[in-house]
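Encoded as structure tokens, the structure appears first; notes follow it.
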Amino acid sequence: MKKALKIAIYSGDIPSTTFIERLIAGLSTKGCDLYLFGYRKKKVSYSKSISVFAYKNNKLDKALHLITYSFLLLLFKHKEKQHLDKILKTQSKNGLLDKVKCYPVLWHKPDVFHVQWAKGLGDWMWVQEFGMKLVLSLRGAHINYSPIANLELAAMYRQHFPQVDGFHAVSHAIAKEASKYGAPADRIKVIYSGLPEFESQVDAAIKADKDVLDLELGTSTPLQIISVGRPHWKKGYTYALDACHILKQAGFSFKYTIIGGSNAIELIYQVHDLNLQDEVCLSKQQPFETVKEMMQNADILLLPSVEEGIANVVLEAMALGTLVLSANCGGMAEVITDSQNGFLVPVRQSEAIANAVTQIATLSLERKLEILKSAQNTIADQHTENQMTSRMIRLYQEVLN
């Protein structure tokens, strides 16, 4: 019988983001033994093939975690513990929390240690000293702009990227950026984020009554526009709000909701300054299921970002049957073909956003259906959970061989 791969998926937090949790769940169905290390934010029920070695964020639990693994390593892997302690001391990472994080990994020693966030790479280069293969995911902000703003981070990438065994890039654009910091091109595999199998919302709509169809596809007034994401400068909300001002000046009827923007002082001030209080809602963060429902009820999902890898919220919207209007940033053009399965506008172009919104509002029902169906075909062709996990398994096998 072929031995199951032992794969550690490390993001630092348990549970992690929705898409990392989907990767974990998907890999567990592919005959892998999954190991999760790190800080447990809350209790999660996983399948039997997923083992969790986590600590809670209190001194007692961390102390017990450290004592347990220190004792095991002293008894059965004394020389390896000595070697790891020497490495950590050399790197000035030999504090108690460093050992709490590292000792369980050394004891369980997975075949592949897959780091999900590039900024944390420096903490885990040591796993290669003990025969574990090191894989790094290349995602959005950690590659696009963080090393530009942080020269020490850029230097860390240049130091360590050439030694990483394999890279998972969420887009070709991200892969190109990582190459600037020394990531060997032949070790980078572009693996798009995947969504679970879904029932086509568009097919269901086609079968519905005409009145219901009109309501679902956005012939109602005012036009409902939604954005989802933290109020960070890279999300480009200031350009979206300027576009809202243009639309209001033109007498266009709309409602724009930014989920996650409720406490953003700059956005609150801009809404007030542009007199958009009646048109714009800055909403607090919402549970994932609520966000999905709000996206499904919206006419347009707007992504005005300056930088992205491939925005997961766009994939969700396309799968749910919501028209997408996105800035042409990062890897978004790898998903959206303008006017075919969504709409693309140049970055930082408020007038282009406003023009695209008015264009979308005048589309015929038949044309909307064509675009929505094309969007869902894009998801089915290149963004399924099964595709993502199968390609990730191939990446692991390649680095091991």
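Remarks
- A count restricted to region 140-190 and to residues that are without any contact (Cβ under 8 Å) to a residue 24 or more places away in the chain and in contact with a Ser or Thr (Cβ under 7 Å, 6 or more places away or on another chain) stands at 2.
- Residue match in region 181-196 (condition: assigned to a loop (DSSP other than H, G, I, E, B), more than 22 Å from Ile7 (Cβ to Cβ) and modelled with pLDDT under 95): no
- When region 342-401 is limited to residues that are within 22 Å of Gln224 (Cβ to Cβ) and of a type in the set (Val, Ile, Thr), the one that is nearest to the chain's Cα centre (by Cα) turns out to be Ile379.
- Selected residue (only one of Gly26, Gly38 is assigned by TED's automatic domain parsing to the domain that holds Val127, in contact with a Gly (Cβ under 6 Å, 6 or more places away or on another chain) and either within 20 Å of Lys133 (Cβ to Cβ) or not hydroxyl-bearing (Ser, Thr, Tyr) (or both)): Gly38
- So Ser92, is it out of contact with any helix residue (DSSP H, G or I) (no Cβ under 8 Å at 6 or more places or on another chain), among the hydroxyl-bearing types (Ser, Thr, Tyr) and closer than 21 Å to Glu385 by Cα: no
- Residue tally, condition touching a Ser or Thr at 6+ places or on another chain (Cβ under 8 Å), basic (Lys, Arg) and at pLDDT 95 or above, over region 224-256: 1
- Neighbours by Cβ (under 8 Å, 6+ apart or cross-chain): first from region 252-274, within 13 Å of Tyr237 (Cβ to Cβ); second of a type in the set (Phe, Trp, Tyr) and assigned to a loop (DSSP other than H, G, I, E, B): none
- Residues that are in contact with a helix residue (DSSP H, G or I) (Cβ under 8 Å, 6 or more places away or on another chain), at pLDDT 95 or above and in the same structural domain as His272 (by TED's automatic domain parsing) occur at least once in region 211-223.
- From the options Gln296, Gln286, residue that is under 22 Å from the mean Cα position of the chain (by Cα), assigned to a helix (DSSP H, G or I) and over 30 Å from Ala175 (Cβ atoms): Gln296
- Among the conditions (1) in contact with a Phe, Trp or Tyr (Cβ under 9 Å, 6 or more places away or on another chain); (2) surrounded by 16 or more Cβ atoms within 10 Å (Cβ to Cβ); (3) not in a strand (DSSP E or B), the only one that Asn57 does not satisfy is (2).
- Residue in region 344-362 that is among the hydrophobic types (A, V, I, L, M, F, W, C) and assigned to a strand (DSSP E or B) present: yes
Every residue, every condition in (1) surrounded by 18 or more Cβ atoms within 10 Å (Cβ to Cβ); (2) in the same structural domain as Thr238 (by TED's automatic domain parsing); (3) modelled with pLDDT of 95 or more, yes or no:
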| position | (1), (2), (3) |
| --- | --- |
| Phe288 | no, yes, no |
| Leu301 | yes, yes, yes |
| Gly309 | yes, yes, no |
| Val324 | yes, yes, yes |
| Ala333 | no, yes, yes |
| Thr337 | no, yes, yes |
| Gln340 | no, yes, yes |
| Val357 | yes, yes, yes |
| Ala375 | yes, yes, yes |
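- Checked against (1) part of a helix (DSSP H, G or I); (2) at pLDDT 95 or above; (3) buried (at least 18 other Cβ atoms within 10 Å of the Cβ), Leu34 passes all but condition (1).
- The criterion of at least 2 residues that are in the same structural domain as Val190 (by TED's automatic domain parsing), at pLDDT below 95 and out of contact with any Leu (no Cβ under 7 Å at 6 or more places or on another chain) is met by the following helices (runs of 4 or more DSSP H) wholly inside region 119-165: 140-144, 146-149.
The values are calculated or read from the model by the stated rules, or taken from the named source; none is laboratory data. Keep in mind it's a predicted model, so treat the numbers as computed, not measured. With ideal geometry, Cβ positions are generated from the backbone for all residues, glycine too; neighbour counts draw on all protein chains shown.
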